[in-house]
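A.B. asks: To start, I am sharing the structure in question, which I have written as structure tokens.
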Amino acid sequence: MKIGLDIDGVLCKFVEGVLEYMNQKYGTSWKPEDIVEYGLAPKYFTEEQVRALWDDIYKYNLWEKFGVYEEAEEFVKWLYDEGHSSTVLTLRYNTEQCVMSTHNWFEQHQLEYDQMFFNCRKGDACAELGIKLFIEDSIEVAKEIADKGILTLLWDRPYNRNFIYPNVIRVYSWEQVKTIISSMERLKGDKNE
């Protein structure tokens with residue numbers, strides 16, 4: 001089965017890495033559980049501070065310094081062991097530096113993938129690529145993908161709580177994701193379709 005994966009907030013500890021950097025830089029003490037809205041400005045940091053953050057992410061190659069979520073590596077290995085393919089779709093920019101940093105991050109964490117696309121409309125890309133299930137953390141992107149008729153697993157985060165939408169299932173663990181994928185396979189029998 002073709003599985004689609006988001007990076008930041010699903011595989012990559014983006015919020016955690018950003019908060020560690022921003023707290024150190026600005027003397028704040030935000031924790032991931034404090035971030036109950038998608039986006040850091042204006043509630044948590046000023047627009048100017050967030051613009052400076054993005055400049056610093058590229059300038060200091062912070063993408064490669066962010067951690068990976070627990071059990072994500074095992075999950076990606078499981079996908080391949082079970083004969084699935086994975087396509088990574090990210091809203092990260094399609095610049096040479098960002099692409100290189102992202103590929104390096106995947107290599108550093110031994111995360112395999114079949115394809116990776118940057119700065120794309122994820123709903124359209126999923127439909128065009130034949131992705132059967134996508135794992136996402138953004139409410140807006142989850143809606144976009146679900147509206148294309150693709151089952152979307154919304155990784156539970158403080159900033160996406162209380163969101164209910166057709167064709168979107170909230171998930172809390174990689175074991176739950178495995179169970180959903182295995183159930184879909186039993187119902188459809190369509191590995192790598």
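The values are calculated or read from the model by the stated rules, or taken from the named source; none is laboratory data. These numbers come from a predicted model, not from an experiment. Cβ sites come from the backbone with ideal geometry, for glycine too, and all protein chains shown count toward neighbours. Surface accessibility is based on the protein's heavy atoms, side chains included, excluding ligands, DNA and RNA. Shrake-Rupley method; radii C 1.70, N 1.55, O 1.52, S 1.80 Å.
A.B. asks: For volume of the Cα convex hull per residue in Å³, one of [x] 114; [y] 126; [z] 147 was computed from the structure I shared and the rest are decoys. Which label?
C.D. replies: Calculated volume of the Cα convex hull per residue in Å³: the matching label is [x].
A.B. asks: Provide the per residue accessible area, probe 1.4 Å, for the chain, rounded to a whole number of square angstrom.
C.D. replies: Here the residues of the chain average 51 Å² of exposed surface.
A.B. asks: Share of antiparallel DSSP beta bridges in the chain, in percent to the nearest 5?
C.D. replies: 5
A.B. asks: Something else about it: Going down the list 31/148; 13/178; 25/178; 65/188; 2/43, which pairs span over 28 Å between their C-alpha atoms?
C.D. replies: Table pairs above 28 Å Cα-Cα are 31/148; 25/178; 65/188; 2/43.
A.B. asks: Can I ask one more? Please state the shape class of region 135-176: rounded when a/c is under 1.5, otherwise prolate if a/b exceeds b/c and oblate if not, all from the C-alpha gyration tensor.
C.D. replies: oblate
A.B. asks: A further question follows. For residue 71 and residue 52 in the same chain, what is the full-extension length gain: residue separation times 0.36 nm, less their Cα-Cα distance, in nm?
C.D. replies: 3.7 nm
A.B. asks: While we're on this one: Please identify every one of the trypsin sites (Lys or Arg not before Pro) in region 9-80 that sits in a loop by DSSP and has no more than 14 other beta carbons within 10 Å of its own beta carbon.
C.D. replies: The qualifying sites are 43.
A.B. asks: So, one more: Can you compute the FRET efficiency between residue 23 and residue 94 using 1/(1 + (r/R0)^6), with r the Cβ-Cβ distance and R0 = 25 Å? Round to the nearest 0.05.
C.D. replies: That pair, residue 23 with residue 94, gives E of 0.25.
A.B. asks: Working from Cα positions, state the angle (0 to 90°, nearest 10) between the long axis of helix 174-188 and the longest principal axis of the chain.
C.D. replies: Once rounded, the angle reads 30 degrees.
A.B. asks: At 0.36 nm per residue, minus the direct Cα-Cα distance, what do residue 124 and residue 180 gain on full extension? Give it in nm, one decimal, please.
C.D. replies: On the way: separation 56, 0.36 × 56 = 20.16 nm, distance 2.28 nm.
So the chain would gain 17.9 nm between residue 124 and residue 180.
A.B. asks: Specify the angular offset, from 0 to 90 degrees and rounded to the nearest 10, of the alpha carbon long axis of helix 72-81 from the longest principal axis of the alpha carbons in the chain.
C.D. replies: It works out to around 20 degrees.
A.B. asks: What's the longest piece of the chain with no exposed chymotrypsin sites (Phe, Trp or Tyr not before Pro), counting a site as exposed if DSSP puts it in a loop and it has at most 11 other beta carbons within 10 Å?
C.D. replies: 61-171
A.B. asks: When the chain is modelled as a GNM with alpha-carbon springs shorter than 10 Å, which of 145, 169, 57 fluctuates the most?
C.D. replies: The residue that fluctuates most here is 57.
A.B. asks: Calculate what fraction, in whole %, of the accessible area of the chain sits on carbon and sulfur atoms when a 1.4 Å probe is rolled over the protein chains.
C.D. replies: Percent of accessible area from carbon and sulfur atoms in the chain: 49.
A.B. asks: Let me ask something else. How much length, in nm to one decimal, is gained on full extension between residue 64 and residue 188, taken as 0.36 nm per residue of separation minus their Cα-Cα distance? Kindly include the intermediate steps, with their values, before the conclusion.
C.D. replies: Details: separation 124, 0.36 × 124 = 44.64 nm, distance 3.77 nm.
So the chain would gain 40.9 nm between residue 64 and residue 188.
A.B. asks: Sticking with this one: Per the helix-only calculation at 222 nm, which mean residue ellipticity applies to the chain, given -39500 (n - 2.57) for every DSSP H run of n ≥ 4 and division by its residues, nearest 500 deg cm²/dmol? It would help to have the intermediate numbers written out before the result.
C.D. replies: Working: 7 runs with 80 residues, N = 193.
One gets -12500 deg cm²/dmol as the mean residue ellipticity at 222 nm.
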